[in-house]
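J.: Encoded as structure tokens, here's the structure I'll be asking about.
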């Protein structure tokens, strides 16, 4: 296919949005299309609310208009739901969070839909949802959302989308391992700048790697690291001194020696399996997120990873806390759905 034949309206939008191409003349030069065809492509995108043309700066003669992606030309709805709590938000087309609300996980998708409607989202172009557990498309949820918002709906594993969110704010890193330590333990893998889901959507299930002294796990096997370093195991080790994971984290922040020791040891156990992942994947950075990812757990992870992983894999490896906290899932959901609805083929189909 020739360069010009491939330069559809969707590809023109990609050049403006991702490559920061700013003028019609530059678009014509890059694509090989004639000025009239480029003019039609740009007009279509402007009429669709995806591009704006601003006055250019004159350097003598008639100034060329400056093309910019119109992040305010619509919204996407996102929800990041964990085992115990969640958030939902309205984002613009640049992925910026405009409005955000907490949501009780047990409330159901109907409650989320009502909250989205109450946020006055404007023209919705897509919906992205993160759920705990293996990645899957829940047909009931998709149908319930599309009955109210007839737009593309995509669902993925909560750890995968958190990895996408963290990668978005570290876009200079092509290889990233995100580890969530909370009720469960899981990982999201970014390799070569792309999220890796595996052949059947099960990539990153490090919580079910066996370790010494592991117990019977809810997955049906014995020995999973989640049974000794997951949230339920740590609360049991504290003998009821903390009712939930936020309380456990608060005890550690306050300097409670038992809570600090429990989290540090959990970090070491998680670090044992992360070290194996580091040897296989060779990421540039390991990011720790989730309810348990305070300085004590991270110190334990670092201790094990730097002791157990190969020297070549750890020579420049960084092990860091999440930069986004609860927003990682929301921004990851926005990235996920925007990658779908703003893809060149999707734009061409919509136009």
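J.: Once you have the Cα-Cα distance between residue 110 and residue 54, take 0.36 nm times their residue separation minus that, and quote the gain in nm to one decimal.
T.: Full-extension gain reported as 16.1 nm.
J.: If neighbour count is taken as other Cβ atoms inside 10 Å, put 200, 306 in order from fewest to most.
T.: 200, 306
J.: Then there is this: In degrees between 0 and 90, to the nearest 10, how far off the longest principal axis of the chain does helix 327-341 point, with axes built from Cα atoms?
T.: Orientation of helix 327-341: about 40 degrees from the principal axis.
J.: Could I have the simple spin-label model distance between residue 303 and residue 258, label points 7 Å from Cα toward Cβ, reported in nm to one decimal?
T.: Taking the simple label geometry, residue 303 and residue 258 are separated by 1.9 nm.
J.: By how many degrees, 0 to 90 and rounded to 10, does the Cα axis of helix 257-281 deviate from the longest principal axis of the chain?
T.: Roughly 50 degrees, rounded to the nearest 10.
J.: Hey, another quick one. In terms of the Cα gyration tensor, with a ≥ b ≥ c the square roots of its eigenvalues, is the chain rounded because a/c is under 1.5, prolate because a/b exceeds b/c, or oblate?
T.: Verdict is prolate for the chain.
J.: Relative to the longest principal axis of the chain, what angle (0 to 90°, nearest 10) does the C-alpha long axis of helix 35-47 take?
T.: Tilt relative to the chain: about 50 degrees.
J.: Residue 101 versus residue 175, label points 7 Å from Cα toward the beta carbon: distance in nm?
T.: 4.3
J.: On full extension of the chain, what length is gained from residue 146 through residue 282, given 0.36 nm per residue of separation minus the C-alpha to C-alpha distance?
T.: Working it through step by step, the gained length comes to 45.0 nm.
J.: Also, I was wondering about something else. Neighbour counts of other C-beta atoms within 10 Å: give me 312, 162 arranged from fewest to most.
T.: Exposure proxy ranking, most exposed first: 312, 162.
J.: What is the spin-label model distance, in nm, from residue 117 to residue 194 if the labels are put 7 Å beyond Cα along the C-beta direction?
T.: Computed distance between label sites residue 117 and residue 194 equals 3.9 nm.
J.: Another question, then. With a ≥ b ≥ c the root eigenvalues of the C-alpha gyration tensor of the range 281-348, is it rounded (a/c under 1.5), prolate (a/b larger than b/c) or oblate?
T.: oblate
J.: If the elastic network links every pair of Cα atoms under 10 Å, which of 88, 164, 238 fluctuates the most in the Gaussian network model of the chain?
T.: Maximum fluctuation in the GNM of the chain, among the listed residues, is at 238.
J.: Most fluctuating residue of 224, 333, 91 in a GNM of the chain with Cα springs under 10 Å: which is it?
T.: Highest fluctuation among the options: 224.
J.: Please identify, among 78, 52, 37, the residue showing maximal mean-square fluctuation in a Gaussian network model of the chain using a 10 angstrom Cα cutoff.
T.: Most flexible of the set in this elastic network: 37.
Read the figures in this text as sums done on the coordinates, not as results from a lab. Everything quoted here is computed from the prediction, not taken from an experiment. For neighbour counting, all protein chains shown are included, and Cβ atoms are generated from backbone atoms with ideal geometry for every residue, glycine included.
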